[in-house]
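Input: a single structure, listed below in structure tokens.
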Amino acid sequence: MKNIAILGSTGSIGTQTLEIVQANPDLKVVALAAGSSVDLMEKQIREFQPQLVAMWTKEAAKELRGRVADLNVKVVAGMEGLLEIAVLPGAEVLVTAIVGMIGIRPTIAAIEAGKDIALANKETLVTAGHIIMPLAKKCGVSILPVDSEHSAIFQSLNGEPKRRLSKILLTASGGPFRGKSRADLEKVRVEDALRHPNWAMGRKITIDSSTLVNKGLEVMEAKWLFDVELDQIQVVVHPQSIIHSMVEYVDGAIIAQLGVPDMKLPIQYALFYPDRRPMEGKRVDFFELGGITFEKPDTDTFQGLALAYRAAREGGSMPTVYNAANEKAVGLFLERKITYLQITELIEESMVQHTRIDNPTVEEILRTEQEVYEYIAGKVKL
């Protein structure tokens, strides 16, 4: 029996993780955390019987506590609740499917408590990779990627020594606006940006995919996960989303991981690594597929990717600025308070005005995030 805790259990990754638990009786959920989805969390508690649950707001925790008073479950709230879950005795793996930089502190706490991390919270490495990766090594903890692309790279490396790696080929679908010009994007509506051609994801990550900001975040995450230079990471647009990423070796051989666009495979691989378990679902039919294609990313139209490389090269606190500005801007776009193209414009403006911190602490990372939020609020005059 393997005991797992899930941060972000009511989101896309969290709910799919629980579907994997349903299909594998030797997985047991001991703790769950979510934002404010009380209805869904109550259903999850009644089905999976965790001993500890956290809600982000005190109001949601209070309501949930009343609803599950008939069950033997402790309900906590806020960051203190997330930290309590992170260090819960008996939990072996923490699935970090929570969105945003609030995932940093619980991830650090879990690593220090000796928990392996199934990482789906890319902001943790984007902003604090210089803290997280050395700490994981020091504590002897595994960071197992849940992102489809990073899982593909992890599988394609499959224990090969780092000296044999030449290049990471990080694939991107291109999103719903592949082939469009900046003029085409001027009147993009929220509904348009939420129509991803291949993947079913949460609203924020779907918008990020459409701007290629998500790919920029993945570039920064890959740098830390696989200890490579930025020049060793090449983004390749692959519209069919069948090749999830590739690794080129020093002899020119390229190893790729292929599969249908389904997040359950990387989630399950992370939970059972190094084992592979049977899993129901559609398989790739190469005769039906017919062909696969590749393109260079259009960084003139989709400037979010170019800005990500710029932020990563500058390093220090600049990736935090990039991530925080995008988070705030995407939220404003989803609220219809800014236009689609203003997302990357606000990212660039935030980066330009920021005074870079060389080796930020967690406190400096979180303070930088707040400063960026305040800067954008002033720009948009909220």
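Look through region 117-138, keep the residues that are among the charged types (D, E, K, R) and within 24 Å of Ile205 (Cα to Cα), and return whichever of them is surrounded by the most Cβ atoms within 10 Å (Cβ to Cβ). Per the criteria, the residue is Glu123. Note on region 1-94: no enclosed strands (runs of 3 or more DSSP E) hold 2 or more residues that are polar (S, T, N, Q) and under 23 Å from Ile205 (Cα atoms).
The single condition from (1) modelled with pLDDT of 95 or more; (2) of a type outside the set (S, T, N, Q); (3) more than 23 Å from Val330 (Cα to Cα); (4) out of contact with any Pro (no Cβ under 6 Å at 6 or more places or on another chain) that Gly90 fails is (1). Taken over region 333-380, the residue count meeting the criterion of being of a type in the set (D, E, K, R) and either touching a Phe, Trp or Tyr at 6+ places or on another chain (Cβ under 9 Å) or part of a helix (DSSP H, G or I) (or both) is 10. Among residues of region 49-69 that are under 17 Å from Glu84 (Cβ atoms) and at pLDDT 95 or above, those with a beta-carbon under 8 Å from a residue that is loosely packed, with under 13 Cβ neighbours inside 10 Å and of a type in the set (S, T, N, Q) at least six positions away or on a different chain give the pairs Gln51/Asn72.
Do you know which of the residues in region 106-160 that are of a type outside the set (A, V, I, L, M) and within 14 Å of Asp227 (Cβ to Cβ) is modelled with the lowest pLDDT? Looking at the filtered set, the residue picked out is Glu160.
If you filter region 259-280 down to residues that are outside any helix (DSSP H, G or I) and in contact with a Lys or Arg (Cβ under 7 Å, 6 or more places away or on another chain), you find that the one that is farthest from Gln240 (Cα to Cα) is Met279.
Here is a yes/no grid of residues against (1) charged (D, E, K, R); (2) within 18 Å of Asp262 (Cα to Cα):
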| position | (1), (2) |
| --- | --- |
| Leu144 | no, yes |
| Leu157 | no, no |
| Pro176 | no, yes |
| Leu185 | no, no |
| Glu191 | yes, no |
| Ile205 | no, yes |
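Residue-by-condition table, conditions (1) on the phi > 0 side of the Ramachandran plot; (2) within 23 Å of the chain's Cα centre (by Cα); (3) in a helix (DSSP H, G or I):
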site: Val284; (1), (2), (3): no, no, no
site: Thr293; (1), (2), (3): no, no, no
site: Asp298; (1), (2), (3): no, yes, no
site: Arg313; (1), (2), (3): no, yes, yes
site: Ala324; (1), (2), (3): no, yes, yes
site: Glu327; (1), (2), (3): no, yes, yes
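Would you kindly identify the strands (runs of 3 or more DSSP E) lying entirely within region 101-219 that contain at least 3 residues that are in contact (Cβ under 8 Å) with a residue 40 or more places away in the chain and under 30 Å from Trp56 (Cα atoms)? Passing ranges, in order: 143-145.
Applying the set (1) under 23 Å from Gly14 (Cβ atoms); (2) out of contact with any helix residue (DSSP H, G or I) (no Cβ under 7 Å at 6 or more places or on another chain) to Lys296 leaves exactly one unmet item: (1). A single member of Thr361, Thr320, Thr339, Thr355 is of a type in the set (S, T, N, Q), out of contact with any Cys (no Cβ under 9 Å at 6 or more places or on another chain) and buried (at least 22 other Cβ atoms within 10 Å of the Cβ), and it is Thr320.
The values are calculated or read from the model by the stated rules, or taken from the named source; none is laboratory data. Bear in mind that the values here come from a model prediction, so they are computed numbers and not experimental data. Note that each Cβ is placed from the backbone with ideal geometry, even for glycine, and that neighbours are counted across all protein chains shown.
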